[in-house]
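What follows is a set of notes on a single structure, which appears directly below.
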Amino acid sequence: MSAFGGLRMKGDRVRRVILWLAYFSVLSALAAGQDSSMGGMQMGTMQMADHEVSTLPSPHAGSGTAWEPASVPAHEWMLMRNGWELMAHGVIFTDYNQQGGPRGEGKAESVNWGMLMEQHALGSGTILFRQMFSAESLTSPHPGFPELFQTGETYHGEPLVDHQHPHNVFAELSLLYTLPLGEKFSWELYGGPSAEPALGPVTYIHRSSAAELPMAPLSHHLQDSTHTSFGVVTTGFRIERVKLEGSAFNGHEPNEERWSIQPAALDSWSGRLSVAPTRDWTAQYSIGHLDHPEALEPWNQWRQTASVEYNHPLVMGNWATSLVWGRVHEIATTTRLNGYLLESTLNFLRRDYVFTRMELVDKNELFPEAATHPAYRIGAYTFGGVRDLVQTRAWQLGLGGDVTFYSKPAVLDAAYGVHPVSFQIFLRVRPGLAGHVH
């Protein structure tokens, strides 16, 4: 039996497991709904939910249904009205971005996103609505953000190279329903027309370890690029501090029309196992089969990811670190691309931040016009810092900058220069830290 045949058989088995998981989920939810009519169940559920806010990862942090450590700081505004918990958070980076070398360019731009959340009790469980928006199609229009060695998606029907695409206006439109089935057992149902399947770590724009870095990782399209998928259904169970999920979703990357929702068949699937052993740690492994994800490439993909996130509050700050691996196997070719990422952000003396991101990533789309597309191992090493100029309970305004150095094969010197160096200078605005005393 060929290796590809074995992969297809494994995919069929996993797909059946996901379908059985969804079927069992619905049966369990119906049974729990009948039991919830017993007196006192509602109060017990609410008390348990309050307890879990401080001990388990919060659905208000992270991305999609991915877990961030429960101890991550919350930069958000919150309001209670008629049983609804209303929340808003986001960030605006206004920066000058200078990419070095012959392929580099300078550009004034803005990385930005905002999210609204509305949560309310529903039966014995809780329903959470999310709406996430981005104006990047206006603040850094196509071809997007200059970024050496970045690839993924298209511009004018051609592969996008040395640029990070702007995000879609409707980055997330979803709901999450969580139903406790016991003291340490719960069921979840998540999805929407623009949502994130159970594939990969918390996406970089929501990771605390990347909170001060405006630039997307070079390994983004190997690790967490499905964070905006136009059509997602996810179901799963949490048992104590372990969660098992499965998703059916539209695996095609968004097209160049950033203002639209682009529904398509749920032709792809994924599964993810997550653990949260303590308040400060989370980890996940996920695998997915993506049907024709790239607009200009005819083959399907297998994607695997694994990650560990650590967060630790300090007396006058916080320390967040993530280690992420992602692999893409282009089915029907021998191509396997790996991306390794380590990023960390340290907040100290309340107002000061230092951060780093170090990557090794395989890139095979740097020369789309070439007859062959060999993979090159690229290293990117970013170091930077931020100082909060304004820090209140409502707002934080920071001034920062970073510099990136690279490693690459010598064969790329003619195109990229021997030692290209890139830098950014930026202002960052976001909500104040919940409970912060300045």
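For Ala332, the stated conditions hold: it is part of a loop (DSSP other than H, G, I, E, B), open to solvent by 30 Å² or more (accessible area, probe 1.4 Å) and touching a helix residue (DSSP H, G or I) at 6+ places or on another chain (Cβ under 8 Å). Glu188 passes every criterion in (1) within 15 Å of the chain's Cα centre (by Cα); (2) not in a loop (DSSP other than H, G, I, E, B) apart from (1). Between Leu360, Leu323, Leu342, the distinction of being outside any loop (DSSP other than H, G, I, E, B), open to solvent by 30 Å² or more (accessible area, probe 1.4 Å), more than 27 Å from Ala264 (Cα to Cα) and out of contact with any Ser or Thr (no Cβ under 8 Å at 6 or more places or on another chain) belongs to Leu360 only.
Looking only at segment 197-212, which residues are within 24 Å of Ala74 (Cβ to Cβ), under 14 Å from the mean Cα position of the chain (by Cα) and open to solvent by less than 10 Å² (accessible area, probe 1.4 Å)? Correct list: Ala198, Gly200, Pro201, Val202, Thr203, Arg207, Ser209, Ala210.
Of all the criteria given as (1) open to solvent by 10 Å² or more (accessible area, probe 1.4 Å); (2) in contact with a helix residue (DSSP H, G or I) (Cβ under 9 Å, 6 or more places away or on another chain); (3) part of a strand (DSSP E or B); (4) more than 30 Å from Leu412 (Cα to Cα), the one not satisfied by Leu175 is (2). The set of residues in segment 279-316 being open to solvent by 30 Å² or more (accessible area, probe 1.4 Å), touching a Pro at 6+ places or on another chain (Cβ under 8 Å) and polar (S, T, N, Q) consists of Asn300 alone. Among the residues making up segment 219-268, those that are surrounded by fewer than 24 Cβ atoms within 10 Å (Cβ to Cβ) and aliphatic (A, V, I, L, M) are Val233, Ile239, Val242, Leu244, Ala248, Ile261, Ala264, Ala265, Leu266. Set side by side, the residues Val418, Val386 differ, and just one is over 30 Å from Gly251 (Cβ atoms), out of contact with any Asp or Glu (no Cβ under 9 Å at 6 or more places or on another chain) and among the hydrophobic types (A, V, I, L, M, F, W, C), which is Val418.
Answer yes or no: is there a residue in segment 142-157 that is surrounded by fewer than 16 Cβ atoms within 10 Å (Cβ to Cβ) and part of a strand (DSSP E or B). Yes, that holds for at least one residue.
Test Leu273 against the criterion of being without any contact (Cβ under 8 Å) to a residue 60 or more places away in the chain and open to solvent by 20 Å² or more (accessible area, probe 1.4 Å), and give yes or no. The answer is yes for Leu273.
The values are calculated or read from the model by the stated rules, or taken from the named source; none is laboratory data. Please read these numbers as outputs of a predicted model, since none were measured by experiment. Methodologically, a virtual Cβ is constructed for each residue, glycine included, from the backbone with ideal geometry; neighbour enumeration extends over all protein chains shown. Surface accessibility is based on the protein's heavy atoms, side chains included, excluding ligands, DNA and RNA. Shrake-Rupley method; radii C 1.70, N 1.55, O 1.52, S 1.80 Å.
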